[in-house]
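Here is the structure we will look at.
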Amino acid sequence: MKNDAIIECVPNFSEGINAGKVNQIVAAMQVPGVSLLDWSLDVAHNRSVVTIAGPPEAVVESAVRGVGKASELINLTLQNGVHPRIGSADVIPFIPVSGASVAECALLARQAGLHIWHRYSVPVYFYGAAAARPDRVQLEDVRRGQFEGLRDAVRRDASRRPDIGGPELHDTAGASAVGARNFLIAYNIHLKQPDITAARAIARDIRASNGGLHGVKALGVLANDRAQVTMNITDYQSTPMTKVYARATELARRHGAELDDSELIGLIPQAAYDPEAEWIQRIPGFNPALKVIERRLERPLEWIAD
């Protein structure tokens, strides 16, 4: 790893309603050298996503502190939401930006996982490039059953137990999935009709696991009384966003629906940005200075005061 390497981390926390709690989590993540690039509350999914970047060791420390504060503030036994989750700090992925590889980010993920368990007694599952087992590469396999199902499964099935810590989940904070991956684009499309059946059908036909587009994960959900196709595009270079949007448009027509506006969760790389693309134009108020990671690194956000 180069001395001037830059790593991104995008922790997802299982709280999108209580802004005060999320403010405290973000404030706890302030570490010298780490830039705060983006953070958002998603009330519909009861989830918040924070994007940070900086030198590898500093980013690991920032992410670990965020997990600790989340485990203190978020009680999963009192929390629910549309989005699948197993932990207060649900997912902590490390992503190379420059001067580092995914393999090196996997080592950072392993390091972060050890810190999370030893400091806060929150057990850890490793996924993606950091996975310790082949059946845990895919995040959806790790999260099968969500917090409630996984909490019960680890008590009766040794194969579901965490990679570090446990064997049972933390009583209120669950477990964290810590991993390494390339850039992922989190993208949601709303339908004009509140038709959850159509949203689920579009998601079923577009996701890779059902023979759809390579590198696309999708669910059809109801969010804020609107039908939504929520997607993660894990390989935007092989499957460009223009192709994802065109396919979604085609499938919507097939299932008797029409696409409405879209939203982007977190940031996208410059290579994925095309100001003329329809998928970009359908995101209200899209500002590349705020949503393109390379541009955001030049002008990061101010850290929240605790």
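The values are calculated or read from the model by the stated rules, or taken from the named source; none is laboratory data. What you see is a predicted model, and the numbers here were worked out from it, not measured in a lab. Methodologically, a virtual Cβ is constructed for each residue, glycine included, from the backbone with ideal geometry; neighbour enumeration extends over all protein chains shown.
Overview of values
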| read-out | value |
| --- | --- |
| Selection within the stretch 193-223 - outside any helix (DSSP H, G or I), hydrophobic (A, V, I, L, M, F, W, C) and closer than 26 Å to Ile95 by Cβ | Leu213, Val216, Ala218, Leu219, Val221, Ala223 |
| Residue match in the stretch 28-35 (condition: in a helix (DSSP H, G or I) and modelled with pLDDT of 90 or more) | yes |
| The listed residue being free of Cβ contacts under 8 Å to residues at least 12 places away in the same chain and either in the same structural domain as Asp163 (by TED's automatic domain parsing) or within 16 Å of the chain's Cα centre (by Cα) (or both), out of Arg110, Arg144, Arg85 | Arg144 |
| Single condition Glu168 does not satisfy, out of (1) within 26 Å of Asn232 (Cα to Cα); (2) assigned to a loop (DSSP other than H, G, I, E, B) | (1) |
| Members of the stretch 36-61 found to be assigned to a strand (DSSP E or B), among the small types (Gly, Ala, Ser) and free of Cβ contacts under 8 Å to residues at least 60 places away in the same chain, listed by number | Ser48, Gly54 |
| Identity of the residue in the stretch 136-165, aliphatic (A, V, I, L, M) and in a helix (DSSP H, G or I), that ends up nearest to Thr51 (Cα to Cα) | Leu139 |
| Candidates Arg247, Arg282, Arg296, Arg226 - the one that is surrounded by 16 or more Cβ atoms within 10 Å (Cβ to Cβ), within 24 Å of Phe94 (Cβ to Cβ) and among the basic types (Lys, Arg) | Arg296 |
| Number of positions in the stretch 78-101 that are under 27 Å from Ile6 (Cα atoms), part of a loop (DSSP other than H, G, I, E, B) and in contact with a strand residue (DSSP E or B) (Cβ under 7 Å, 6 or more places away or on another chain) | 3 |
| Some residue of the stretch 102-120 being among the hydroxyl-bearing types (Ser, Thr, Tyr) and part of a helix (DSSP H, G or I) | yes |
| Among the candidates Thr249, Thr239, Thr230, residue that is assigned by TED's automatic domain parsing to the domain that holds Arg200 and part of a helix (DSSP H, G or I) | Thr249 |
| From the options Gly215, Gly211, residue that is free of Cβ contacts under 8 Å to residues at least 12 places away in the same chain and outside the structural domain of Lys69 (by TED's automatic domain parsing) | Gly211 |
